[in-house]
Amino acid sequence: DRRLQPVAKTLGRQLAIDEQLEKDISNYLIWRSQVPHVGFNDKDFLLVNHLQGRRQGRPLDEQGFRSALSTLQKKFQVLSEIQPHLLRHDWN
């Protein structure tokens, strides 16, 4: 039901991550579990809308992703060159 859907051009795959990222993702999943309408199956999205309303718990749409990326870029200068287009092959 997302109006602006990102188009994934690759299949999902496993990636190696370090222990800190694993802890961060685990902590996010605990926090995320408190959001209504969130699923925990293999096919469910990691990043979901946390704001109250009809989209709460649903997959993050392109506008939400761009907004979050913009916020991160302001806080972390190292991310300033990242654009959604650069992530197109890793969207999954």
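The values are calculated or read from the model by the stated rules, or taken from the named source; none is laboratory data. Computed from a predicted structure; not experimentally measured. Backbone-built Cβ (ideal geometry, glycine too); neighbour counts: all protein chains shown. These accessible areas exclude ligands, DNA and RNA; they are computed on the full protein's heavy atoms, side chains included. Shrake-Rupley method; radii C 1.70, N 1.55, O 1.52, S 1.80 Å.
The table for this structure:
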quantity	calculated
Members of segment 54-74 found to be open to solvent by less than 50 Å² (accessible area, probe 1.4 Å) and assigned to a loop (DSSP other than H, G, I, E, B), listed by number	55, 56, 57, 60, 61
Within segment 75-90, considering residues that are open to solvent by less than 70 Å² (accessible area, probe 1.4 Å) and within 21 Å of residue 22 (Cα to Cα), the one modelled with the lowest pLDDT	87
Answer from 52, 34, 20, 14 - the residue that is under 18 Å from residue 87 (Cβ atoms) and either in contact (Cβ under 8 Å) with a residue 24 or more places away in the chain or over 14 Å from the mean Cα position of the chain (by Cα) (or both)	14
